[in-house]
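The values are calculated or read from the model by the stated rules, or taken from the named source; none is laboratory data. It should be emphasised that the depicted structure is a prediction, and the values quoted were computed from it without experimental measurement. No Cβ is skipped: glycine too gets one built from the backbone with ideal geometry, and neighbour counts run over all protein chains shown.
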Amino acid sequence: MAAPALAIVLRAAERSELERLQRAAAGPAGLARRARVVLLIADGFGGVHVALRTGYTPVQVSRIRHRFAREGLAGLRDRPRSGRPQVYGPKTRAKVVALTLKAPPAGVTHWSTRELARKVGLSAETVRRIWHAHALQPHRSETFKFTDDPRAAEKIEDIVGLYLAPPTNAVVLCLDEKTQIQALERTQPILPLRAGIPARQTHDYRRSGVTDLYAALEIASGQVTGELAARHTGADFLHFLETLARQYRRRELHIVLDNSSTHSVPAVQAFLAAHPQIHFHFTPTGASWMNMVEAWFGILTRRSIRRGSFPSLAALIKHIKAYIAHWNEHPTPFVWTKNPSAIIKQAVRRGVNKTSRTAH
C-alpha cells in the first residue's frame, strides 16, 4: 500500500509570503508556480489535482512538496544548473526587467528582443531568456474594462446564484443579440480540403447585407432558441420575448441579459407587467462576459459563420437557422464553476473588474 502523502501545514507568515510570491509580477515565473503548488497542497488538494491546476507532473508536485517540507521557503528557489555560466549579472538582469516595464522608444508600442538587446548591449537570446525567467511577454496584450456599476456585487451574486442553484421548476435563459452579422461572399469559390492541403478561400469578398440574431440559451439543457431580425430595436426584442413566452408557456422564466437600451423600453416594461412569471436579471454594466450565451456566440462564429461564403442575405439567414437546428440535435450545456464571492474577491484584490481577457 502506498505511503500517505506528506502533509503541509503553513504558519500565517509562510502563507502570507507564499501568496506574495504567487502574485509577484516581476519575480521568476517558476518560483510563483511552485508557491502556488505549496498553497494548493496546504489547502488539502491532492497531488494529481495540483498537477492539473499548475501544469506540473505529479512527480514534480511530489518533489516540490518534499523540498518545502525539508527546507521551507528556501527550498522553492531555483537551483544552480549545469552548463555554461551566465555572462551577465543580477544588475544586468534587473536593468533588462526595468527597461521592459518602461515605455519603448517613441513610435514603438512594445519592446522586441532585438530592440531591447541593442539598447542594453546583450544578445537577443539573452534578453529572451531573462524575459522567460521573469514571465515577461511584451508581445502580448490583454483588454480590460472598469465597471462603475454601484450594484455590481449584488448583480454578480444574483446571476451566479441562478447558474449554480436555479429556482425549482423554473427555466433560466441567457439572452443576448449578436448584431451586424455580415453576409460575405468570397470572390471565388472556396477550394475544398485535400490530403496535405487545407481548405482555401480568397481574402476578398462582396457584402450582401447584415442581420441581427436574437438567441436564448437554456442553461440546464444547452438548447438555443434563435430569431433573426433586420434591425436591432425595442420592437424586435419584444417580438423575441413573445416568442420565448409562447415556447415556455406556463413556466417561470428567469432571463439573464445585459443593459442594452432596447431591453428597457416602455413596451418591454408593459410586457413584463403583464407576464409576472418572467423575471429579468441584468449583468453588471460592462460585464456581458457573465452572460453564458456569449460563449455560444463564439462557437457560432467559429463553426458556422467565419469560414462561410454567402451569396445573399437570405443564404446567411438560412445557414444560421440550420446551425441552430444542428446544435439543438445534440446541445451542450455550459457549466458555471466559480462562486460569486471568489469573483468579487478577485476583483477587489486586483483593483479592477476585468470584463474581457483577449490575448494577442
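A few comments on the model shown:
- Residue in the range 139-153 that is part of a helix (DSSP H, G or I), buried (at least 17 other Cβ atoms within 10 Å of the Cβ) and at pLDDT 90 or above present: no
Here is a yes/no grid of residues against (1) small (Gly, Ala, Ser); (2) more than 17 Å from ALA5 (Cα to Cα):
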residue	(1), (2)
ALA29	yes, yes
ALA32	yes, yes
ARG36	no, yes
LEU39	no, no
PHE45	no, no
VAL48	no, no
GLN60	no, no
ARG65	no, no
PHE68	no, no
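- Any chance LYS91 is assigned to a loop (DSSP other than H, G, I, E, B) and of a type in the set (Lys, Arg): no
- Criterion applied to ILE159, ILE130 was being part of a helix (DSSP H, G or I) and either in contact with a His (Cβ under 7 Å, 6 or more places away or on another chain) or exposed (fewer than 15 other Cβ atoms within 10 Å of the Cβ) (or both), and the one residue passing it is ILE159.
- The set of residues from the range 61-81 being free of Cβ contacts under 8 Å to residues at least 24 places away in the same chain and of a type in the set (Lys, Arg) comprises ARG63, ARG67, ARG70, ARG79, ARG81.
- Residues of the range 68-75 include at least one that is crowded, with 18+ Cβ neighbours inside 10 Å, part of a helix (DSSP H, G or I) and not assigned by TED's automatic domain parsing to the domain that holds ARG128.
- Flag not set for VAL268, criterion: within 26 Å of the chain's Cα centre (by Cα) and either modelled with pLDDT of 95 or more or not aromatic (Phe, Trp, Tyr) (or both).
- Residue in the range 72-87 that is more than 27 Å from LEU136 (Cβ to Cβ) and at pLDDT below 90 present: yes
- Identity of the residue in the range 289-337, among the charged types (D, E, K, R), part of a helix (DSSP H, G or I) and in contact (Cβ under 8 Å) with a residue 24 or more places away in the chain, that ends up surrounded by the fewest Cβ atoms within 10 Å (Cβ to Cβ): LYS321
- Matching residues in the range 183-232 - criterion: being touching a residue at least 40 places away in the same chain (Cβ under 8 Å), surrounded by 17 or more Cβ atoms within 10 Å (Cβ to Cβ), hydrophobic (A, V, I, L, M, F, W, C) and under 30 Å from TYR163 (Cα atoms): LEU213, ALA215, ALA216, LEU217, ILE219, VAL224, LEU228
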